[in-house]
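Asks: Got a structure for you, questions after.
The values are calculated or read from the model by the stated rules, or taken from the named source; none is laboratory data. What you are looking at is a predicted structure, and each value in this text was computed from that prediction instead of being measured. Positions of Cβ are backbone-derived with ideal geometry, glycine not excepted, and every protein chain shown enters the neighbour counts. Accessible surface areas use protein heavy atoms only, side chains included; no ligands, DNA or RNA. Shrake-Rupley method; radii C 1.70, N 1.55, O 1.52, S 1.80 Å.
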Amino acid sequence: MARVPSSEIAPVVPLWVRMEVVLRAFWIQASLNYESMQGLGRLVCLLPVIRWLSLPGKEFASFVRRHSGLFNSNPFIATLGLGALARLEFDRNANPESVPDGMIERFSERVSTPLGSVGDELFWVTLRPHAVLLGALGALLTGVWGACLLLVVFGVWQGYYRWNCFTWGWASGARIAAVLQSEHFRRPAIYAGWIASGCAGAAFVLLLVKSPAGALTSKAQVAAFAGAFAGACAALSHRKPATWALLVAIGWTMMVSFGAKMLCG
């Protein structure tokens, strides 16, 4: 992630504020509507910031008005926007002239599209399909525990992003575009094809062993696995959705199984 200039490093946010914001963000879509999208959820998530800043009545009302408008994000990285908004509120409370009137509302609206776009690329196109692939591998090896593996892997991923996104947003403030563009933040999406290829290759060999294709000779199995794995790498290394890896694995296994019946009678 891009460094924040030393002259602009934010003070440390209290741990209890960060924990409350992140925990509330799990339900940020509870009040989802077509007018403000996640606007009300965003306001609820930021209430701990109000308590921390100890805003007087008039400023409290202004805070509520500022955060009742449009806000939208992929729910798993919404804390990035929440951290940035909390930083802007902190800066406004410390020096009102540093954050002009209307800036927070405009920022909240304009940041919604990139938060949704990058978040969808990370989770719906990359992390969730990869978790499904790992869950499928786990199911082949352990049965029902594969579903538990899927939930654990996806839970760890999204927990990592939820917690750290608030920190990155708080440190960057209105400059979170640098975070969204950084290789560190988007690394899972950048290397999605290769990760999916590795998962698919493992799925191929497990499916070969556990299917009628096991009747093939060991050399034939190795050749089929090598061909399937090379094909997956070639097809998926260009950041194709990981879901295709599972489909290709199933297709290859069906073809090899059919070949086993033809060769072995």
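Asks: Rounded to a whole number, what % of the accessible area of the range 125-191 do carbon and sulfur atoms account for, probe 1.4 Å?
Replies: Working: 2200 of 3080 Å².
C and S atoms contribute 71 percent here.
Asks: If you don't mind, another one. Suppose every K and R has +1 on its Cβ and every D and E has -1 on its Cβ; what is the size of the dipole of the range 66-135 about the Cα centre, in Debye to the nearest 20?
Replies: Taking the Cα centre of the range 66-135 as origin, the dipole is about 160 debye.
Asks: Still on this structure: To check my understanding: the extent here is largest minus smallest coordinate of the Cα atoms along each principal axis. What are those three numbers for the range 27-133, in Å, largest first?
Replies: That gives 51, 25, 24 Å along the principal axes, largest extent first.
Asks: From the convex hull of the Cα coordinates of the range 78-131, what is the mean projected area in square nanometres? Display every interim value, and only then the final one.
Replies: Working: hull surface 15.6 nm².
That works out to 3.9 nm².
Asks: Right, another one. Given a 1.4 angstrom probe, what's the average accessible area per residue across the range 1-136, in square angstrom? Don't skip to the answer; put the middle values down first.
Replies: Values: 6610 Å² over 136 residues.
Averaged over the residues of the range 1-136, the accessible area is 49 Å².
Asks: At 7 Å along Cα-to-Cβ for each site, give me the label-to-label distance between LYS58 and TRP145 in nm.
Replies: Label at LYS58, label at TRP145, 6.4 nm between them.
Asks: Then there's this: What is the distance in Å between the Cα centroid of the range 15-30 and that of the range 126-145?
Replies: Computed from Cα coordinates, the inter-centre distance equals 28 Å.
Asks: For VAL111, which sequence-distant residues (separation of 5 or more, or a different chain) have an amide H within less than 5 Å of its own amide H, given hydrogens modelled in the peptide plane?
Replies: none
Asks: Now a separate question. How much net charge surrounds LEU180 when only other residues with a Cβ under 14 Å from its Cβ are counted (Lys, Arg +1; Asp, Glu -1)? Working shown, then result.
Replies: Values: positive: ARG110, ARG175, ARG186, ARG187; negative: ASP120, GLU121, GLU183.
Net charge around LEU180: +1.
Asks: What number comes out for the charge environment of ARG128, summing +1 per Lys or Arg and -1 per Asp or Glu over other residues with Cβ under 12 Å away? Show your work: numbers first, answer last.
Replies: Numbers: positive: none; negative: ASP120, GLU121.
Result for the local shell: -2.
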